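Worksheet for the structure shown next.
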Amino acid sequence: MQRNPYLPLPMKLVKNFTETEDKLIHTFTFQFLSEEDEKSFPYMPGQFAEVCVFGKGEAPFGIASSPTEPGFLKFSVAKVGLVSTALHMMEEGTIVGVRGPLGNYYPLEQLKGKNIVIIGGGFAFTTLRSMITYILKPEHRGDYGKLTVIYGARNPGLLLYKEELEEWNGRSDIDLVCTIDRPVEGWTGRVGFVPTVTKEVAPSSENSVAIICGPPVMIKFTMPELEACGFKPDQIIMSLENRMKCGIGMCGRCNVGNRYVCKDGPVFTKAELNQLPNEY
Amino acid sequence: MIIAKNALPGLLDKLAAEYEVYAPVKQGAYSLYKQICNGAEADFGYVNSKIPPKGILFPQSEKLYSYSVTGEGTSLEECVDTRKKVIFGIRPCDAKSLLLMDNVFNNDKFQDPYYLTRRSNTILVGMACNDPAGTCFCTSMDGGPFDQSGLDLLLTDIGEAYVVEAVSQKGKDLAAALALGAADDSQKAAAAEARESAEVACAVNTVGLKARLDVNFYDPIWEKFHEKCLGCAACTYSCPTCHCFDIVDEAKDCNGCRVRNWDSCMFPLFTLHGSGHNPRTSGKERMRQRIMHKFKYFVDNFNATACVGCGRCIKNCPVNLDVREVLADIRGSEARSDK
Ligand SMILES: Cc1cc2nc3c(=O)[nH]c(=O)nc-3n(C[C@H](O)[C@H](O)[C@H](O)COP(=O)(O)OP(=O)(O)OC[C@H]3O[C@@H](n4cnc5c(N)ncnc54)[C@H](O)[C@@H]3O)c2cc1C
Ligand code: SF4
Ligand code: SF4
Ligand code: FES
């Protein structure tokens, strides 16, 4: 029998960083305790893991770090309940458990040679960060065409990964468009909702794939804009976040129709989702 | 082979020396599968147990591992149960349900060591149903009162004795270890007679059911099934093929264990997101999920219906919601529901 999929790998919290101004999102950096442990956790952008706080429970979070950043895993977590609150209050140096990697990942092989348009909203930018970091790695960058990133938040203080955004802004191999909902003093970037900005940027659908993650309203209104740009359902990739427990297709919780989001997803094309009931 | 009824308690005692033996035990007005220490506790005057024997392999509450966390690290201790077991007197429908459950706990990507270890260490001694209940509809679900799927041995009650058939190698080995005598011709004839006369009165027509479910997710028909449902989940807890569970921590400070407990798609919290969004907001979506899962999704994934027709959900539902009627309604035909 394979490894027991319920047993977490112990990892050490080395950084508990307050990511957003409202303090509701923290980014956690966990360090592998040994090289062997790290080898047992080969992951790809788009996958998630169950993070367990011993004594509280476990919860699934998208992996925000990229496999090109060895030695640690990063998660950005919104404070909503039991496990996420326990994480927020956790002292650096504490041991947590991480179970994974779980789920499928962005289809990096199929994306080779294509232009990639990444659209994110709110704090659902975690696995997108992983994806962007992966693509920007010099040994990968040549495999992909133009990289366009549209990222929106309510206000500048709620954007994640500010240092990286700044770094990406200065590069010529990525087109980054950050936008906020309403004008704020000192903000020189764009203002407007993600769907509107998508319309303005009007990414070409020619030989392109769009990856879109964000709150349901953002997705709902961005879809028609992508369609207007000529994106077909099989050129649009999404990542679902149903409630999960086991993460391995057994506890029966996360299904959309006959697919388990944990085991068969969380990454689906719009074409695949069109075949499934809208229960997500 | 044959087991005389008066020899059965002794034989169960003998088994109990080597195995954990589970058998039907009377509990007030109904029967349950319980571990027995002595053969006399078993009572085979049962139609079927109120709760299915799935809990022997997939307990209602089970510790997955215990842990202790110190400044220096963590230690985890797996709690995989490796004891050998015999379920004595399991009904054919329940044996079949375990074959269905195997698909879930040994799926295309992951294996559940807790269930699978118990499963491979468990021998299933079946008891054929000479007198199925009015709520049984196994023959409509690809099973039957003498069905041997999943069993190691099958017993047939012929009055004074049980005629025993070996179904699998495991069963043959067990029969050999117990040195069971041979059945004579008249005993074999009596067993054949019992098989002939066993009748499952209720039939559910499933022709075209899957084809309907393939297309009727948004059909208004789903508005009505849940109307009287209380959302109590008695139907799913007592269903031998339902496998949903929750995982929780039971801990004091840094020492504790991770535990899994049966859960149910009939509960509103089951799918509630951390954000407050819930993809299945009302009883309508939850009832649809229960039916769709058993009669469509499971068929899509494993080419088998996740219902064995045991009738427990019908018997245990406090408001008499009858899955046979629901299925008939979906098909647009008349239900036969003899209770
Ligand atoms: C694939 C995937 C990736 C994800 N990625 C991320 C990510 O990168 N970052 C992120 O922040 N989140 C992510 N999520 C969401 C995250 O999993 C949830 O926010 C998390 O599970 C919440 O866990 P919790 O223990 O903190 O909350 P819980 O304690 O489970 O509570 C969540 C909510 O449900 C309510 N609730 C729960 N149980 C009960 C009860 N018994 N009675 C009443 N109310 C109850 C609580 O009030 C609360 O509002 C992801 C989810 C999935 C499936
Ligand atoms: S759905 Fe009802 S009849 Fe079918 S196996 Fe489950 S409890 Fe038995
Ligand atoms: S047992 Fe009956 S009332 Fe209870 S959840 Fe099931 S269908 Fe609803
Ligand atoms: S989280 Fe358990 S089945 Fe998907």
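Would you mind stating whether residue A:237 is of a type in the set (Val, Ile, Thr), modelled with pLDDT under 95 and either within 16 Å of ligand 3 (Cβ to nearest atom) or within 19 Å of the chain's Cα centre (by Cα) (or both)?
no
Looking at B:112, B:94, B:102, which one is at the interface with chain A (Cβ under 10 Å from one of its Cβ atoms) and among the charged types (D, E, K, R)? First the steps, then the outcome.
On the way: B:94 fails: at the interface with chain A (Cβ under 10 Å from one of its Cβ atoms); B:102 fails: at the interface with chain A (Cβ under 10 Å from one of its Cβ atoms).
Exactly one of B:112, B:94, B:102 is at the interface with chain A (Cβ under 10 Å from one of its Cβ atoms) and among the charged types (D, E, K, R), namely B:112.
Can you tell me which residue within the stretch B:238-257, out of those that are touching a strand residue (DSSP E or B) at 6+ places or on another chain (Cβ under 6 Å) and more than 7 Å from chain A (Cβ to nearest Cβ), is surrounded by the most Cβ atoms within 10 Å (Cβ to Cβ)? It would help to see each step written out before you state the result.
Step one: list which residues in the stretch B:238-257 are touching a strand residue (DSSP E or B) at 6+ places or on another chain (Cβ under 6 Å), which gives B:245-250, B:254-257.
Of the ones still in play, those that are also more than 7 Å from chain A (Cβ to nearest Cβ) are B:250, B:255, B:257.
Values: B:250: 12, B:255: 14, B:257: 18.
Among those that are touching a strand residue (DSSP E or B) at 6+ places or on another chain (Cβ under 6 Å) and more than 7 Å from chain A (Cβ to nearest Cβ), it is B:257.
More than 14 Å from chain A (Cβ to nearest Cβ) and modelled with pLDDT under 95: does that describe residue B:142? Step through it out loud before you land on a result.
Numbers: more than 14 Å from chain A (Cβ to nearest Cβ): yes; modelled with pLDDT under 95: yes.
Spelling it out, residue B:142 is indeed more than 14 Å from chain A (Cβ to nearest Cβ) and modelled with pLDDT under 95.
Every residue, every condition in (1) basic (Lys, Arg); (2) more than 21 Å from residue A:249 (Cβ to Cβ); (3) within 16 Å of ligand 1 (Cβ to nearest atom); (4) over 18 Å from the mean Cα position of the chain (by Cα), yes or no:
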| site | (1), (2), (3), (4) |
| --- | --- |
| B:252 | yes, yes, no, yes |
| B:256 | no, yes, yes, yes |
| B:280 | yes, no, yes, yes |
| B:305 | no, no, no, no |
| B:308 | no, yes, no, no |
| B:317 | no, yes, no, no |
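Looking only at the stretch B:145-173, how many residues end up being more than 16 Å from ligand 2 (Cβ to nearest atom) and either within 14 Å of chain A (Cβ to nearest Cβ) or more than 18 Å from residue B:191 (Cα to Cα) (or both)?
So the answer is 6.
With respect to residue A:247, determine if the residue is touching a residue at least 60 places away in the same chain (Cβ under 8 Å), within 16 Å of ligand 4 (Cβ to nearest atom) and not β-branched (Val, Ile, Thr).
yes
Could you check the stretch A:230-280 and list, in sequence order, the residues that are hydroxyl-bearing (Ser, Thr, Tyr) and at the interface with chain B (Cβ under 7 Å from one of its Cβ atoms)?
A:280
In the stretch B:112-214, which helices (runs of 4 or more DSSP H) lie fully inside it and hold 2 or more residues that are of a type in the set (A, V, I, L, M)?
B:169-177, B:185-197
Among the residues of the stretch B:265-309, how many are part of a loop (DSSP other than H, G, I, E, B) and either within 21 Å of residue A:56 (Cβ to Cβ) or more than 9 Å from every other protein chain (Cβ to nearest Cβ) (or both)?
Within the stretch B:265-309, the subset part of a loop (DSSP other than H, G, I, E, B) is B:265-267, B:272-282, B:303-309.
Filter once more, so that each one left must be either within 21 Å of residue A:56 (Cβ to Cβ) or more than 9 Å from every other protein chain (Cβ to nearest Cβ) (or both): B:266-267, B:272-276, B:281-282, B:303-309.
So the answer is 16.
Hey, any hits in the stretch A:155-171 for a residue that's aromatic (Phe, Trp, Tyr) and on the phi > 0 side of the Ramachandran plot?
The first filter runs over the stretch A:155-171 and keeps only residues aromatic (Phe, Trp, Tyr), leaving A:161, A:168.
When the remaining residues are screened for being on the phi > 0 side of the Ramachandran plot, the result is A:161.
Looking for residues that are aromatic (Phe, Trp, Tyr) and on the phi > 0 side of the Ramachandran plot, one finds at least one in the stretch A:155-171, hence yes.
Among what's in the stretch B:65-89 and is part of a loop (DSSP other than H, G, I, E, B) and within 31 Å of the chain's Cα centre (by Cα), pick the residue that is farthest from residue B:9 (Cα to Cα). Steps first, answer last, please.
First, pick out the residues of the stretch B:65-89 that are part of a loop (DSSP other than H, G, I, E, B): B:71-72, B:79-84.
Narrowing further to those that are within 31 Å of the chain's Cα centre (by Cα): B:79-84.
Values: B:79: 32, B:80: 30, B:81: 26, B:82: 25, B:83: 22, B:84: 19 Å.
Looking at the filtered set, the residue picked out is B:79.
The values are calculated or read from the model by the stated rules, or taken from the named source; none is laboratory data. In this text the structure is predicted, and so the values were computed from the model without any measurement. Neighbour counts run over all protein chains shown; Cβ positions are idealised from the backbone, glycine included.
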